[in-house]
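Below: one structure, written as structure tokens.
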């Protein structure tokens, strides 16, 4: 059963959650030294000068459609932009992630910095930018094309500043963050990709304003459960097991489940379907189920309980009616698996990101959400998701917009660069 | 609520079931006198001579497609054949039934004799007759085109025998017997048509061989129950009422219902559907439900229990979760209503039909089924469904066939004529 993987992954998370704060946890002074450095001044000046290019690239990238599972054209363009920005080893991996490396001094461990290529919008969506002053409007312009453009600006600024980081930095425009993409880009990168054993820290650029630090990943598990039976005529074959009855029983039991308000834990039956006619016992019905939790332990609990109650409902139907023509069987197929996870507030990556945010006069705003960082968090790789710049709105809607007013945009790039350089400079 | 009608109808049936045998119940001697009469001999000779025309008309009518709700072409042809056979007041009524009258002597009450025009086969089905010896094969050739052809032969034989019946006989090629037609032709005829108050007895020609007398109607009620709620995001709006949960609860309760084996009573959830995505609380889901019983009382019980449990499931969901964005509501829409009913074995129409069958050396075979007679039985109008002639097979299948071997065909017409004339001659 594929969902076996999820349970193992859930188990693994507890290692990360239980890990003590590293002894080398930096304080704000490291970030202050960075900001006071000559390199930083040079990089910051470059960011100011590079603003127009940032806007141009944001428009160019937005207008290359990148529906789920169809990010190839944008990936190709992004790989070229990473190459143009001076990264080494630029390539598109087997999953479709576009990536390149900026070498560090230690020559081993890596910080992965990601912005996802995909949008939620299907093929054929008009992605032409509409501009009103500093406001750009187009599907996907904020989530997450702005993240992609910001990342390019950061790469160029790091080159301009000639920063020497300890870790290599792997910059990735990744596929499959949205919806049914199911975090496939990051899963590949961290579980199968060539750098999987070298990535020791992880920064996703996919939030709103620069005060946002996502250090927890809401886990979710999704199933399509298919109930099958022999079927038959509603009158002539009455008395045979009915998969709709088994599914109804499972839904009823599921609806009676108790979950905690804190940590937030939820469950849903979103879609039901099956059967051919009112006067036939169905041979097959199915339901799509979604379960989420801020807590790995609670997600495991609700998942285990759900799978158990599906089994009970099936067994109950096979006892209640005749199985002479065949039994009811249920097949819970995992159709979504966003692993839960957490990076402790006391971990170096969170402390560093927070120090960087504070150094720009902002107050860090911690959150638990569902982003590409879920995967590393679940594996015990310290990870945060940081902001791409604000203001913006109507994400996932056709009238999505983002504001590229100069000062806000430039500041956002500076904060992101500070976080990335500081994390990559951790001992 | 439309289903109110069904409950009233169910209630009405008990009047018919409880009625004492009429004092004028005929014995076999009346049928014997009929068979011994000069008129009968003349009519029987006519039937023998008319055989080729019966076969020709069966072929002609079979090759005019008559899918459910698309019986108009066949109705038009049939009306002309009824006119050619010498009936008066031939017309096609507002529902599409083709009909004509043969006057009786009492000038008031009517016996309605029906054969349904519709087949189960959709538009575009090849209805060309394939003939192998006396076997005719084509979709619908048996069910119920043979009934239509037999009825025409009976009309002509009654004219040839110059029978004077007490009642008028209304001969009808009716629409809507099959499937979703839901007995619409007969419902119109008996509830709204111009003769609705004059029809006192009812004979449907729609069985197999001539020993068959259907004197009970399996009732069925079908619903599409739609559960609606406010919907919302599976995570963000978790805690709101979920119509899939209410429907699951209803299905579970339904599946626990106890029904008797005798009289045979059944229930089914045949189709479930609804919801838009796994991560949305559905705003609407629905299920298609079928309930049947040989017993009006049991059908009423299962129907009442079903509607009550839908209400309980909805109420339960509205208590279990938040209704701040709206409540769950269920709308049980009646999509099928074949009323149950019974004509007592001691009623004149059954006794007469049985006597006619016996007079041809056959043993009456009584059955409970679902035919056009369900409607009059439920209204307390004495009704039977009799045979159209056998052998035949593969009804409702593309390779349906019926055998028109001369002696069997001619005998079937004679038995049917005897039943019709004898019933129309009841005082």
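The values are calculated or read from the model by the stated rules, or taken from the named source; none is laboratory data. A quick note: this is a predicted structure, and the numbers were derived from the prediction, not measured. Glycine also receives a Cβ, built like all others from the backbone with ideal geometry; neighbour counts cover every protein chain displayed.
Here are a few things to note about the model shown:
- Residue in the stretch B:308-321 that is out of contact with any strand residue (DSSP E or B) (no Cβ under 8 Å at 6 or more places or on another chain) and not in a helix (DSSP H, G or I) present: no
- Flag for residue B:153 being closer than 29 Å to residue B:34 by Cα and surrounded by 24 or more Cβ atoms within 10 Å (Cβ to Cβ): yes
- Summed over the stretch A:286-301, the residues that are assigned to a helix (DSSP H, G or I), at pLDDT 95 or above and either buried (at least 23 other Cβ atoms within 10 Å of the Cβ) or facing chain B (nearest Cβ under 7 Å) (or both) give a count of 1.
- Within the stretch A:220-232, tally of residues that are at the interface with another protein chain (Cβ under 9 Å from one of its Cβ atoms) and surrounded by fewer than 20 Cβ atoms within 10 Å (Cβ to Cβ): 1
- Residue check for residue A:307: surrounded by 20 or more Cβ atoms within 10 Å (Cβ to Cβ) and farther than 28 Å from residue B:224 by Cα: no
- Annotation for the stretch A:322-332: at least one member residue is assigned to a strand (DSSP E or B) and under 24 Å from the mean Cα position of the chain (by Cα).
- Some residue of the stretch B:368-389 being surrounded by fewer than 24 Cβ atoms within 10 Å (Cβ to Cβ) and more than 23 Å from residue B:191 (Cβ to Cβ): no
- Yes/no for residue B:25 being under 25 Å from residue B:415 (Cα atoms) and modelled with pLDDT under 95: yes
- Filter pass, residue A:280 being within 11 Å of chain B (Cβ to nearest Cβ) and at pLDDT below 95: yes
- Meets criteria (within 22 Å of residue B:37 (Cβ to Cβ) and crowded, with 24+ Cβ neighbours inside 10 Å) for residue B:99: no
- Taking the numbered list (1) within 19 Å of residue A:373 (Cβ to Cβ); (2) at pLDDT below 95 in turn, residue A:114 passes all entries but (2).
- Residue match in the stretch A:311-325 (condition: touching a helix residue (DSSP H, G or I) at 6+ places or on another chain (Cβ under 6 Å), within 8 Å of chain B (Cβ to nearest Cβ) and in contact (Cβ under 8 Å) with a residue 24 or more places away in the chain): yes
- In the condition set (1) under 30 Å from residue A:228 (Cβ atoms); (2) surrounded by fewer than 24 Cβ atoms within 10 Å (Cβ to Cβ); (3) at the interface with chain A (Cβ under 9 Å from one of its Cβ atoms), residue B:180 is compliant with all but (3).
- Hits in the stretch A:274-285 - residues which are surrounded by fewer than 23 Cβ atoms within 10 Å (Cβ to Cβ) and in contact (Cβ under 8 Å) with a residue 12 or more places away in the chain: A:274, A:278, A:279, A:280, A:283, A:284
- Taking the numbered list (1) over 15 Å from residue A:249 (Cβ atoms); (2) touching a residue at least 40 places away in the same chain (Cβ under 8 Å); (3) more than 14 Å from every other protein chain (Cβ to nearest Cβ) in turn, residue A:329 passes all entries but (1).
- The condition of being surrounded by 17 or more Cβ atoms within 10 Å (Cβ to Cβ) and more than 8 Å from every other protein chain (Cβ to nearest Cβ) does not hold for residue A:245.
- Single condition residue A:206 does not satisfy, out of (1) more than 8 Å from chain B (Cβ to nearest Cβ); (2) more than 19 Å from the chain's Cα centre (by Cα); (3) more than 30 Å from residue B:370 (Cα to Cα): (2)
- Qualifying residue in the stretch B:210-217 (condition: within 19 Å of the chain's Cα centre (by Cα) and either facing another protein chain (nearest Cβ under 10 Å) or closer than 30 Å to residue A:318 by Cβ (or both)): no
Listed here are the residues, each with its yes/no results for (1) crowded, with 21+ Cβ neighbours inside 10 Å; (2) under 27 Å from the mean Cα position of the chain (by Cα); (3) facing another protein chain (nearest Cβ under 7 Å); (4) more than 17 Å from residue B:275 (Cβ to Cβ).
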| residue | (1), (2), (3), (4) |
| --- | --- |
| A:253 | no, no, no, yes |
| A:257 | no, no, no, yes |
| A:261 | no, yes, no, yes |
| A:272 | yes, yes, yes, no |
